Structures are given as C-alpha cells and as structure tokens.
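*Asks:* Attaching a single structure in structure tokens format; questions to follow.
The values are calculated or read from the model by the stated rules, or taken from the named source; none is laboratory data. Note that the structure is a prediction, hence the values are computed from the model and not measured. Neighbour counts are summed over all protein chains in view; Cβ atoms, including those assigned to glycine, are modelled from backbone coordinates with ideal geometry.
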Amino acid sequence: MRILIVEDDKRLAVNIQKLLLINHLAGDILTLGKDALFRLETEEYDALILDWMLPDMNGTDLCELLRKRKNSIPILMLTAKSQDEDVVIGLKSGADDYLIKPFSVEVLIARIQSLLRRRSQPLEQPLLKVGSLTLNKNTCEVKRDNIKITLAPKEYALLECLMMNKGKALDRMYLMEHVWGEQIDELSNTVDVHIRYLRIKIDGDNKKKLIQTVKGKGYLICD
C-alpha cells in the first residue's frame, strides 16, 4: 500500500513516514498542495494524509479540487483546528476523516487502516493465497504449509504486492514505486536483494517455487 503525505512540517512528515513503514505501508512526502495535485493526477496512491494549512493553499481547497476531478482517494485531514465547525468544513470539502493535532501514533494508523478497508473490497476477504502460502492483511501474518514465516517490513510489503498481483509479472520500477515509494534510487539493486531474501524465507527447500523471475519483465508469484 502506498500513501501520500502532504505536510509542510518536515519533522512530522518524516515521523509519519517512518510509522507507516513499521506498519508495512510506503509513504511519499510532499509539502505543497499544487505538487500533490499533480502527483495524484499522474500516479496511483491508496490514501492521502493531508495537512489543513499548507504554504500555497488550504488542505480543504485541495480536497475540493480532487473531488471535482472525480478522484476518490481516501483522505485523512490533519489539523490543529478542533472546533465543531472546522470539522464540518473539513468533511464537507471532501475529507473522509479528520484527526486533530497532537495525535497518538496508534490512532493515526488505525484511521488510515480504516480508510483503506473502506475503499478496497478485497480487504473484506483479507486472506491472500498462492498455493500453500497465505498472507493475512488484517493480522500481517504470513504462513506456508501452515508454518508461520517472519518477514521484515519491506519483505512483507513486497510479498503483499506480488500476491495482490498473482500471476502478473511486475517490473522493478513498479515494485520500487509501490513498495519503497521515493525512498529508493531507480539504479539500486534493493528490489533484487529483497526478492532473494523472500525466496529464502518463502520457497526455501520447497520443491514448488512460488516466486519466479520473468526474463526481461521482472518478478511474479504464482501457484
């Protein structure tokens, strides 16, 4: 899952990005509304964390523009404004949820996960399955042959991306964008390294290898 964070407080934005990573979510950071508007028209994100007060426009204005352009991305508005009328303005502008600063990290993640569940129908059936391999998106538990497998956050996110696209070859650029966001250089071999780690943990000594390399195209997972 890939989240866009639009927040001009760099420290807060980076802390949110780190928190998302711990919870198996990739986060990209922008500070201007106009940049966010362009990014959301050219790239795909699963949710938007949006500050009310931006240097170039209000978050509410950005919400209204997105909704007018038929962009249905789930939006969580962050703000220090706590009056009832402010909440109403934020929600009427197109935000799906509203979080008042300061907030706890647990509440932030719970709100984002709730938005993602509302948007994505597959989350109503949280169990992804490829052969004897299962990934539970609600509990983040991965098993093969009913044996639990422990994965690092990026390994989990990479496996989830592959399993959600079962049978489809995904190139390195797609995987970088959807798992690492802007945190990785396109010339890096990070994707290949993490695929190797996944193969060790997922396929190991199994005769049936689920993770496959498609020459010239990328990687896929299939029965």
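*Asks:* For segment 97-104, check the following and say yes or no: at least one residue is modelled with pLDDT under 90, of a type in the set (D, E, K, R) and out of contact with any Asp or Glu (no Cβ under 8 Å at 6 or more places or on another chain).
*Replies:* So in segment 97-104, the residues modelled with pLDDT under 90 come out as 97-104.
Subset that is of a type in the set (D, E, K, R): 97, 101.
The next check asks that each one be out of contact with any Asp or Glu (no Cβ under 8 Å at 6 or more places or on another chain); those that pass are 97, 101.
Yes, there is a match, as at least one residue in segment 97-104 is modelled with pLDDT under 90, of a type in the set (D, E, K, R) and out of contact with any Asp or Glu (no Cβ under 8 Å at 6 or more places or on another chain).
*Asks:* Go through 61, 35 for me and flag whichever is touching a helix residue (DSSP H, G or I) at 6+ places or on another chain (Cβ under 8 Å) and surrounded by 13 or more Cβ atoms within 10 Å (Cβ to Cβ).
*Replies:* On the way: 35 fails: touching a helix residue (DSSP H, G or I) at 6+ places or on another chain (Cβ under 8 Å).
None of the others qualify; the one that does is 61.
*Asks:* With surrounded by 21 or more Cβ atoms within 10 Å (Cβ to Cβ), within 25 Å of residue 154 (Cβ to Cβ) and not assigned by TED's automatic domain parsing to the domain that holds residue 165 as the only criterion, which of 17, 113 stands out? Break it down stepwise before answering.
*Replies:* Numbers: 113 fails: surrounded by 21 or more Cβ atoms within 10 Å (Cβ to Cβ).
Being surrounded by 21 or more Cβ atoms within 10 Å (Cβ to Cβ), within 25 Å of residue 154 (Cβ to Cβ) and not assigned by TED's automatic domain parsing to the domain that holds residue 165 holds for just one of 17, 113, which is 17.
This table checks each residue for (1) buried (at least 16 other Cβ atoms within 10 Å of the Cβ); (2) modelled with pLDDT under 95; (3) outside any loop (DSSP other than H, G, I, E, B).
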residue	(1), (2), (3)
155	yes, yes, yes
177	yes, yes, yes
187	no, yes, no
192	no, yes, yes
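*Asks:* Yes or no: residue 74 in contact (Cβ under 8 Å) with a residue 40 or more places away in the chain and touching a strand residue (DSSP E or B) at 6+ places or on another chain (Cβ under 9 Å)?
*Replies:* Numbers: in contact (Cβ under 8 Å) with a residue 40 or more places away in the chain: yes; touching a strand residue (DSSP E or B) at 6+ places or on another chain (Cβ under 9 Å): yes.
Criteria met by residue 74.
*Asks:* Got a number for residues in segment 1-10 being surrounded by fewer than 20 Cβ atoms within 10 Å (Cβ to Cβ) and under 29 Å from residue 139 (Cα atoms)?
*Replies:* Going residue by residue through segment 1-10, those that are surrounded by fewer than 20 Cβ atoms within 10 Å (Cβ to Cβ) are 8-10.
Restricting the remaining residues to those that are under 29 Å from residue 139 (Cα atoms) gives none.
Qualifying residue count for the region: 0.
*Asks:* On the given criteria, is residue 108 of a type outside the set (Lys, Arg), at pLDDT 85 or above and more than 16 Å from the chain's Cα centre (by Cα)?
*Replies:* On the way: of a type outside the set (Lys, Arg): yes; at pLDDT 85 or above: yes; more than 16 Å from the chain's Cα centre (by Cα): no.
No; evaluated as a whole, the condition is false for this residue.
*Asks:* Can you tell me which condition residue 52 does not meet? The list is (1) under 19 Å from the mean Cα position of the chain (by Cα); (2) surrounded by 20 or more Cβ atoms within 10 Å (Cβ to Cβ); (3) aromatic (Phe, Trp, Tyr), and all the others hold.
*Replies:* Every condition holds for residue 52 apart from (1).
*Asks:* Residue under question is residue 208, and the condition is that it be modelled with pLDDT of 90 or more, assigned to a loop (DSSP other than H, G, I, E, B) and either over 23 Å from residue 47 (Cα atoms) or assigned by TED's automatic domain parsing to the domain that holds residue 20 (or both); does it hold? I'd like the intermediate steps shown before the answer.
*Replies:* Details: modelled with pLDDT of 90 or more: yes; assigned to a loop (DSSP other than H, G, I, E, B): yes; either over 23 Å from residue 47 (Cα atoms) or assigned by TED's automatic domain parsing to the domain that holds residue 20 (or both): yes.
Answer is yes for this residue.
*Asks:* Is it the case, given these coordinates, that residue 97 is among the acidic types (Asp, Glu) and either surrounded by 20 or more Cβ atoms within 10 Å (Cβ to Cβ) or more than 21 Å from the chain's Cα centre (by Cα) (or both)? Working first, answer last.
*Replies:* Numbers: among the acidic types (Asp, Glu): yes; either surrounded by 20 or more Cβ atoms within 10 Å (Cβ to Cβ) or more than 21 Å from the chain's Cα centre (by Cα) (or both): no.
It is false that residue 97 is among the acidic types (Asp, Glu) and either surrounded by 20 or more Cβ atoms within 10 Å (Cβ to Cβ) or more than 21 Å from the chain's Cα centre (by Cα) (or both).
*Asks:* Considering segment 74-88 alone, what residues qualify as being surrounded by fewer than 19 Cβ atoms within 10 Å (Cβ to Cβ) and within 19 Å of residue 33 (Cβ to Cβ)? Explain how you work it out, then say what you get.
*Replies:* Of all residues in segment 74-88, those surrounded by fewer than 19 Cβ atoms within 10 Å (Cβ to Cβ) come to 80-88.
Within segment 74-88, 80, 81, 86 qualify.
*Asks:* For residues that are surrounded by fewer than 15 Cβ atoms within 10 Å (Cβ to Cβ) and in a helix (DSSP H, G or I), scanning just segment 38-48, find the one that is farthest from the chain's Cα centre (by Cα).
*Replies:* Looking only at segment 38-48, we keep the residues that are surrounded by fewer than 15 Cβ atoms within 10 Å (Cβ to Cβ), and these are 38, 41-44.
If we keep only those that are in a helix (DSSP H, G or I) too, we end up with 38, 41-42.
Numbers: 38: 19, 41: 17, 42: 16 Å.
Once the filter is applied, the top-ranked residue is 38.
*Asks:* Just to be sure before I move on: is residue 87 assigned by TED's automatic domain parsing to the domain that holds residue 158, over 14 Å from residue 16 (Cβ atoms) and among the aliphatic types (A, V, I, L, M) in the structure I sent?
*Replies:* Numbers: assigned by TED's automatic domain parsing to the domain that holds residue 158: no; over 14 Å from residue 16 (Cβ atoms): yes; among the aliphatic types (A, V, I, L, M): yes.
The answer is no for residue 87.
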